[in-house]
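These notes are about the structure you will find just below.
The values are calculated or read from the model by the stated rules, or taken from the named source; none is laboratory data. This is a predicted model, so every value here is computed, not measured. Cβ placement follows ideal geometry from the backbone for every residue including glycine, while neighbour counts extend to all protein chains displayed. Surface accessibility is based on the protein's heavy atoms, side chains included, excluding ligands, DNA and RNA. Shrake-Rupley method; radii C 1.70, N 1.55, O 1.52, S 1.80 Å.
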Amino acid sequence: MRIRGIRQPTTRAMSGDEFDLFVVASGFEPRATTACRRLARLSCSWTLGVVLAFQEEADAATRKANDEYFASMSFEVVDVSASEMETVYLHMKKLLRSFSYKEEIRVCVDITSMSRLWYGAIVKALSDIELDACIVATFTYIPAAYSKRPRGLTVNEVLTPVRGYSSLALPDMPSALVLGLGRDDDCGLGIREYIDPDSTLLFLAKPGTDKRYDSDVLKSNKDLLESADSDAVFHYPLCETVTAYRYLEAVCLGMRRGWRVVAVSIGPKIFGLYCFLISANNPDISVWRVSRGHSNAEATLAQRPGRSTVILETAWGKIH
Amino acid sequence: MKQGAFNARWTTPDEVARTFVPTPHFQTLTHSTHTLLLGPRGCGKTTLLKMLTEKALRVWRTERAPAEKKPRFDYPQFEALYFASDIRWTYEVLEIERHYHIGRDETERIQRIMVSCAVLHEIVSKAKQKTYYNDELQADIAESIIEFWGIPNTVPHYRDIQRTLRKIVFDLRGALNYKNKSRIDEIIDACPPGFYGHALDVPIGTCNILSESIHNYPVGHRWALCYDELEISPSWLQKEVLESLRSVEQEFLLKLTWSPMLPVGFRSAPERSEDFTAIRLWYSHVQDSRNFCERMSKQYLENRFERNAPSPRVFLGTSMFAREEDPKETDDVYNRHSSIYKEFKSLASVDSTFRKALAVHQVNPDDPYSDKAEIRNTLFRKIKPTVLLRNAFWSGERLRSRKFVILFAGTELVYSMSEGNPRRLLGLMTGMYDRWLEKQTTHNTGEPFVLNKIQARVLNSAARRFVAYIASAVHDQEFEPAEDQSLYSFVSAIGEHFKTQILGPQFQIDPTGSFLVEEDVDAHRRKLIIKGLTIGALVYIGRSEEDIPTRVEGARFRLTFMLSPIYRLPVRNNRVVTLSTILEGANQDQLTLFDRGREVQS
């Protein structure tokens, strides 16, 4: 299937929405239940709720509270390792097929606490499944409330193509790195040095939800930004999903005429989602992932939910 | 500053030729022998291979050679074909087995098909270039290629051959993504069987077609097949190409790149000097790269300044810290009016261990001067960098918290930190030039064009970028090591150890600064060392300029001087210590006076 259209509904406009399937994640973050709570307050409903539960974080106190909440909401639990894509992919396809009798399947996916591989697998499942029905997949993301910037160099333990998102394009053109920046010191710099592309395009969330985040990203990537051409630095609005998606898409599609594009996201997860969605529609664009050392990376912080709810609705249809 | 400007991988051969600085290495490469270029990233391997190509040589011949006083190299008696590769493509191809859960044999067939498509795509581009003037010849050659390889459903036109090759790759990708086994088998079966034969079948077979078809090739025309980034390619490709160094058709030469350690362990391992020439593209000793760095920097400045380009020495000044003075100069350098004398005296006033060290050598710590040439040439020259570093970073009881100091400045230091690596040197020179552009000072003030404090910022920044690169240098795509087993933690342990030698509680006349790897080194550490060599974080110290390591065990290494500002190290090889000594010290969780006073590095 391919994405036929996107839009950004407001939270108010989602009031009373009915979904066939609602997929969330349960981990150690307090934010894990936020999207579900907010949608419940808007009287949204779902036929089947599925919670992907991190195998690695079973003992954290907030994790127990999250699990209890989802149990109270009758979510079906699927225990998965953070680095496991195949299970999520197959399970998602199975769930979608279970609704194949419908003309339109409505799915909600909250990526807030998911690992990047999980929502990458979900996007892949949406892309690969062959159904007569069309699918409307609404992705939600709850940005974190501001917390202090993690300091110190993070070591990249893994820097590799995401399964199913390798373009395998012949090396007959130079490569271009599209990098969504975050707050891990010099992580982006290291990635650029390692992949060694001909061209690097940097994306920063601006405006974000808190000016302090914007400032932190600039500090954490000072050397990288200083060495970049000014026309290779792009700001995308964190909370305006259609604008951000289209902006990134335009840049990627423009670049691929003369470069082999590889996208890496080390910042807000919503940017990672855009990368997967664009690659799903344009398989010659690769998506790579980074897994960092746990001592001080942003990903290890148990972040409280911010006030915003970022929403992107995608409509998927058959390839003709 | 344009990103990627120092990366020759995607620079056209014309552009490479316009900025090329010839070296004796290139002269060797032009010989009609198989050659293995060994060195870390950025040392110029790709540039040298691209300079062998017809396009690059034409630009040299027409634009550069007329301005040269004498020929800088012999033109090669072969035609070079350059096969590009990069980390992105290589790792995506390598990950096929792991990502798509298909068998090893099938993975290898798919990889072979992809490599063959990439190679043939490039050779067809070459054919296009050679025959642009003759439509009929183009059609003949295209038809011969299609017929020879059995490429299906393709019109005899270069563009269509390349389109078919790209389609094969796209179809494979689609089939892999959908895990459609029968479709994968279908695509493989439809591919010419020659595409998954020996690694050199496609280039040799296709080049023979060109040789036969293009009439102005002389009899016995030779080709050089230039494989870049071979050290990160699939193991079957490495094996077959390297073994071919021993046995390939006479009309074909192999020009290959590799990491700084010679490949070993193949069934019929090629013998160096009999089967191939190894060219070592790094410098163990600081002095060895000076001439090259001087010429490259000079050319850089001449290209930037349209008129009245300053020399590198005028642009950057000299480095008291990194400069190794001639024995004849030591009388001036260490006399009582010199800066070094003041530094010695300053340290002796606060560091009792330094006073003691001088006294042992019968040098008065309150008047650290000697009229004996032997003392100046040995002791003073030896201790100079340690003295300067302790003065800069050590206050007598604890380390000073300083982001950077102007000690790290000057031509010699820039050259040392670059390690003679063209990409690094150009990066550093560009950093300096960009800063100079902001202020545009001149030498009239008596200072170098780029003030020392600015240089120190640039060099510190470059060192930090390199650290970030080390932290990103993934050890092994199949293995997710714990953070404390990363290359970064390994390099840090070594750096901190040598830092203690310089800034520790005891002044060391002869500090250690290099390490020897013992025979019982574990497999993980061996891999880390090889990774460190490949990315240039570690440098092999050989017995001579020709010495190339074949194994890690028993070999001597040091950290790259690029890390000197981070770990406050002199740019010297210094005395050797065993790796186990370093790592034992790193494992001990001891709080020392100096740990408590450790500065926070930005």
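Annotation: of all residues in the range B:362-383 being exposed (fewer than 14 other Cβ atoms within 10 Å of the Cβ) and at pLDDT 90 or above, the one that is farthest from residue B:407 (Cα to Cα) is B:362. The number of residues in the range A:60-105 that are away from chain B (no Cβ under 14 Å), of a type in the set (D, E, K, R) and more than 21 Å from residue A:20 (Cβ to Cβ) comes to 5.
Selection of the range B:243-263 for residues being part of a strand (DSSP E or B) and closer than 15 Å to residue B:229 by Cβ yields B:254, B:255, B:256, B:257, B:258. Screening the range B:156-216 for helices (runs of 4 or more DSSP H) wholly inside it with 3 or more residues that are over 27 Å from residue B:252 (Cα atoms) returns the ranges B:158-177, B:181-190.
Exactly one residue out of A:291, A:279 is within 12 Å of chain B (Cβ to nearest Cβ), at pLDDT 95 or above and within 25 Å of residue A:142 (Cα to Cα), and it is A:279. Among the residues of the range B:340-361, those identified as open to solvent by less than 20 Å² (accessible area, probe 1.4 Å) and without any contact (Cβ under 8 Å) to a residue 24 or more places away in the chain are B:348, B:358. If you go through the range A:143-164 and keep only what is within 21 Å of residue A:88 (Cα to Cα) and within 14 Å of the chain's Cα centre (by Cα), you end up with just A:162. Please count how many residues of the range B:91-119 are among the hydroxyl-bearing types (Ser, Thr, Tyr) and either at pLDDT 95 or above or touching a strand residue (DSSP E or B) at 6+ places or on another chain (Cβ under 8 Å) (or both). Qualifying residue count, the range B:91-119: 2. Taking residue B:112, is it in contact with a Leu (Cβ under 6 Å, 6 or more places away or on another chain), over 21 Å from residue B:79 (Cβ atoms), within 14 Å of another protein chain (Cβ to nearest Cβ) and open to solvent by 10 Å² or more (accessible area, probe 1.4 Å)? Considered against the rule, which asks whether it is in contact with a Leu (Cβ under 6 Å, 6 or more places away or on another chain), over 21 Å from residue B:79 (Cβ atoms), within 14 Å of another protein chain (Cβ to nearest Cβ) and open to solvent by 10 Å² or more (accessible area, probe 1.4 Å), residue B:112 comes out as no. Within the range A:254-269, the set of residues being part of a loop (DSSP other than H, G, I, E, B) and out of contact with any strand residue (DSSP E or B) (no Cβ under 6 Å at 6 or more places or on another chain) comprises A:256, A:257, A:258.
Comparison of A:76, A:57, A:86, A:29 shows that the only residue that is at pLDDT 95 or above and acidic (Asp, Glu) is A:76. For the range A:46-64, residues that are exposed (fewer than 15 other Cβ atoms within 10 Å of the Cβ) and within 13 Å of residue A:75 (Cβ to Cβ) total 1.
So, of the residues in the range A:108-137 that are open to solvent by 10 Å² or more (accessible area, probe 1.4 Å) and in a strand (DSSP E or B), which turns out to be farthest from residue A:266 (Cα to Cα)? By that ranking, first place goes to A:134.
Any residue at all in the range A:229-238 that is in contact with a Cys (Cβ under 8 Å, 6 or more places away or on another chain) and within 30 Å of residue A:32 (Cα to Cα)? There is no residue in the range A:229-238 that is in contact with a Cys (Cβ under 8 Å, 6 or more places away or on another chain) and within 30 Å of residue A:32 (Cα to Cα). Has the range B:180-191 got at least one residue that is open to solvent by 60 Å² or more (accessible area, probe 1.4 Å) and under 37 Å from the mean Cα position of the chain (by Cα)? No - not one qualifying residue is present in the range B:180-191.
A quick yes/no check of all residues on (1) under 25 Å from residue A:120 (Cβ atoms); (2) surrounded by fewer than 22 Cβ atoms within 10 Å (Cβ to Cβ):
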{"residue": "A:161", "(1), (2)": "yes, no"}
{"residue": "A:199", "(1), (2)": "yes, yes"}
{"residue": "A:205", "(1), (2)": "yes, no"}
{"residue": "A:218", "(1), (2)": "no, yes"}
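Just to be sure, is residue A:214 over 30 Å from residue B:176 (Cβ atoms), open to solvent by 10 Å² or more (accessible area, probe 1.4 Å), within 21 Å of the chain's Cα centre (by Cα) and without any contact (Cβ under 8 Å) to a residue 60 or more places away in the chain? When the stated conditions are applied, residue A:214 passes them. Being open to solvent by less than 60 Å² (accessible area, probe 1.4 Å), without any contact (Cβ under 8 Å) to a residue 40 or more places away in the chain and in contact with a strand residue (DSSP E or B) (Cβ under 8 Å, 6 or more places away or on another chain) is a property that holds for residue A:82. Residues in the range B:31-53 that are within 16 Å of residue B:11 (Cβ to Cβ) and either over 25 Å from the mean Cα position of the chain (by Cα) or open to solvent by 50 Å² or more (accessible area, probe 1.4 Å) (or both): B:41 only. Hey, does the range B:131-147 have a residue that's assigned to a helix (DSSP H, G or I) and of a type in the set (S, T, N, Q)? Checking the range B:131-147: at least one residue is assigned to a helix (DSSP H, G or I) and of a type in the set (S, T, N, Q).
Every condition in (1) free of Cβ contacts under 8 Å to residues at least 24 places away in the same chain; (2) touching a Phe, Trp or Tyr at 6+ places or on another chain (Cβ under 6 Å) holds for residue B:61 except the one numbered (2). Of all residues in the range A:146-157, those that are open to solvent by 20 Å² or more (accessible area, probe 1.4 Å) and either more than 14 Å from chain B (Cβ to nearest Cβ) or touching a residue at least 60 places away in the same chain (Cβ under 8 Å) (or both) total 7. When each of A:258, A:254 is tested for being exposed (fewer than 15 other Cβ atoms within 10 Å of the Cβ), modelled with pLDDT of 90 or more and away from chain B (no Cβ under 14 Å), the lone residue that passes is A:254.
Each residue in the range B:56-83 was checked for being at pLDDT 90 or above and either within 14 Å of chain A (Cβ to nearest Cβ) or open to solvent by less than 80 Å² (accessible area, probe 1.4 Å) (or both), and 15 pass. For residue B:157, the stated conditions do not hold, so it cannot be described as open to solvent by 60 Å² or more (accessible area, probe 1.4 Å), more than 14 Å from chain A (Cβ to nearest Cβ) and within 36 Å of the chain's Cα centre (by Cα).
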